[in-house]
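Taking it in order: structure first as structure tokens, then the write-up.
The values are calculated or read from the model by the stated rules, or taken from the named source; none is laboratory data. Small disclaimer: the values here were computed from a predicted structure and weren't measured. Note that we place each Cβ from the backbone using ideal geometry, even for glycine, and neighbour counts take in every protein chain shown. What goes into the accessible areas is simple: the full protein's heavy atoms, side chains included, and nothing from ligands, DNA or RNA. Shrake-Rupley method; radii C 1.70, N 1.55, O 1.52, S 1.80 Å.
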Amino acid sequence: MTQPLDIIKPAVRALRAYTLSPHRASVKLNQNENPWDAPAEIKEDVLRRFAARQWSRYPDFVPASLNEQLAKFAGWKADGVIVGNGSNELIQALLMVAVGPGKRVLISEPTFALYRQVATVLSGEVVSVLLTLQLTYDVDALLSIVKEQQPDVTIICSPNNPTGCVIDTADLRKLLSASRGLVVIDEAYHEFSGQSVVPLLAEHENLIVLRTFSKAMAFAALRIGYLLGAPELVVEIRKAVLPYNLNAFSQIAAEVAIEKYPALLGPTVKAIVSERERLYSELAKIRGLHALKSHANFMIVKRDTDSKQIFEELLKRDILVRDVSGYPMLAEYFRFNVGTPEENERLLSALHEIHGK
Ligand code: PMP
């Protein structure tokens with residue numbers, strides 16, 4: 001007899017769910033968030049504007065003014081913008097309109113786990129290329145798969161979560177030119193790398209860029225992401241986005257952030273980048289640890305001894321990092337995001353203690 005569970009697609013049942021450990025700690029370095037909260041000035045302005053708005057009315061059907069502002073902010077066309085309830089939602093919407101049985105999605109691994117998960121749920125075939133041994137993009141391997149198999153969608157996370165590597169612009173141009181399918185660049189962490197692929201949108205109509213307010217912009221709680229692409233593609237992708245996906249509060253917050261934030265944000269991003277570099281050199285002084293250079297606000301570190309144990313050891317010291325040992329190629333690694341200087345000091349001294357100086 002058919003059991004309810006038999007109805008679920010076998011590929012979905014075989015998937016390991018994307019999960020997050022429920023642990024809490026006072027030094028929280030596990031979700032690549034901005035360690036500094038959004039400024040009070042921004043919060044107060046958002047709250048004031050939201051209080052003055054009628055709560056009985058829906059948000060805008062298409063948030064036209066926010067799209068305009070985002071377009072100007074990012075340097076693209078307003079009819080080529082979709083806002084989402086986090087960029088996660090836009091990864092899903094984009095794959096929903098492009099992926100189904102018989103469709104191929106090319107990714108590199110290790111990368112952000114959601115790409116494989118959503119493509120698999122949609123019955124797409126995931127073709128995966130490992131990063132090089134140096135944990136950088138294997139552009140030759142990607143190019144040859146693009147040429148031989150013409151995947152429907154190629155997804156590149158740059159800077160890559162969890163390794164922090166970026167795709168070189170010249171390499172990306174080669175991939176875009178060789179590809180008849182869509183090439184998606186997830187730029188969730190671009191502010192920390194000082195580079196963006198948005199200027200390539202004007203030259204390549206198969207390029208789609210994803211961005212978020214959750215990292216550098218310090219708005220993770222508000223779930224705001226956006227997608228930039230050719231207006232013809234955007235019209236199609238919108239068909240997979242539910243009406244009113246971005247609530248009125250987050251819409252207002254995004255508008256205020258764009259108006260006021262860039263000036264306030266610059267110093268925070270700079271501080272995170274300089275702390276990242278400081279941590280990288282400090283970690284080099286700890287025996288048994290090998291940090292990987294990163295272009296994002298996080299870093300992975302290889303441990304000569306058991307890497308799973310470090311998660312527990314740090315947690316005992318009230319520090320929460322991410323166990324990435326289940327990712328391909330990363331069995332010996334853990335990941336942490338850059339915290340405030342004080343938090344980073346706590347991490348460093350805990351690691352010194354654990355590794356016995
Ligand atoms: N892309 C990448 C690479 C990420 O690491 C994350 C969050 N961890 C997201 C997208 C999703 O971000 P959000 O949904 O908060 O915009």
Checklist entry - When residues of the range 173-210 are filtered for being among the hydroxyl-bearing types (Ser, Thr, Tyr) and touching a helix residue (DSSP H, G or I) at 6+ places or on another chain (Cβ under 7 Å), how many remain? => result 2
Item to check | Subset of the range 169-187 [within 20 Å of the chain's Cα centre (by Cα) and open to solvent by 10 Å² or more (accessible area, probe 1.4 Å)] | outcome: THR169, LEU182
Next on the checklist: Within the range 95-109, take every residue that is of a type in the set (A, V, I, L, M, F, W, C) and open to solvent by 10 Å² or more (accessible area, probe 1.4 Å) and give me the one that is nearest to the ligand (Cβ to nearest atom).
Outcome noted: MET96
Checklist entry - Under the condition of being of a type outside the set (A, V, I, L, M) and farther than 20 Å from ASN34 by Cβ, which residue from the range 241-258 is farthest from the ligand (Cβ to nearest atom)? => result PRO243
Checklist entry - Mind checking which residues of the range 82-91 are near the ligand (Cβ under 10 Å from one of its atoms) and either free of Cβ contacts under 8 Å to residues at least 60 places away in the same chain or touching a helix residue (DSSP H, G or I) at 6+ places or on another chain (Cβ under 9 Å) (or both)? => result GLY84, ASN85, GLY86, ASN88, LEU90, ILE91
Checklist entry - Between a first residue in the range 47-69 that is surrounded by 10 or more Cβ atoms within 10 Å (Cβ to Cβ) and a second residue that is of a type in the set (Asp, Glu), which pairs have beta carbons less than 8 Å apart while being 6 or more apart in sequence or on different chains? => result SER65/GLU255; LEU66/ASP60; LEU66/GLU255; ASN67/ASP79; GLN69/GLU255; GLN69/GLU259
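Does the range 301-346 hold any residues that are outside any strand (DSSP E or B) and in contact with a Gly (Cβ under 7 Å, 6 or more places away or on another chain), and which are they?
Selection gives ASP304, THR305.
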Checklist entry - Do we have any residue at all in the range 25-33 that's without any contact (Cβ under 8 Å) to a residue 40 or more places away in the chain, more than 14 Å from the ligand (Cβ to nearest atom) and either among the aromatic types (Phe, Trp, Tyr) or open to solvent by 60 Å² or more (accessible area, probe 1.4 Å) (or both)? => result no
Next on the checklist: Restricting to the range 110-154, count the residues that are part of a loop (DSSP other than H, G, I, E, B), of a type outside the set (Ser, Thr, Tyr), open to solvent by 20 Å² or more (accessible area, probe 1.4 Å) and farther than 17 Å from PRO328 by Cα.
Outcome noted: 3
Checklist outcome for this item: Scanning the range 189-237 for residues that are in contact (Cβ under 8 Å) with a residue 60 or more places away in the chain, in a loop (DSSP other than H, G, I, E, B) and of a type in the set (Asp, Glu) gives none
Item to check | the range 267-310, residues that are among the charged types (D, E, K, R), within 26 Å of PRO39 (Cβ to Cβ) and surrounded by 18 or more Cβ atoms within 10 Å (Cβ to Cβ) | outcome: GLU275, ARG276
Checklist outcome for this item: Of the listed residues (ARG238, ARG211, ARG180, ARG223), the one being closer than 30 Å to VAL146 by Cα, within 16 Å of the ligand (Cβ to nearest atom) and basic (Lys, Arg) is ARG211
Checklist entry - Which of the residues spanning the range 246-266 are open to solvent by 10 Å² or more (accessible area, probe 1.4 Å) and modelled with pLDDT of 95 or more? => result ASN247, ALA248, PHE249, GLN251, ILE252, GLU255
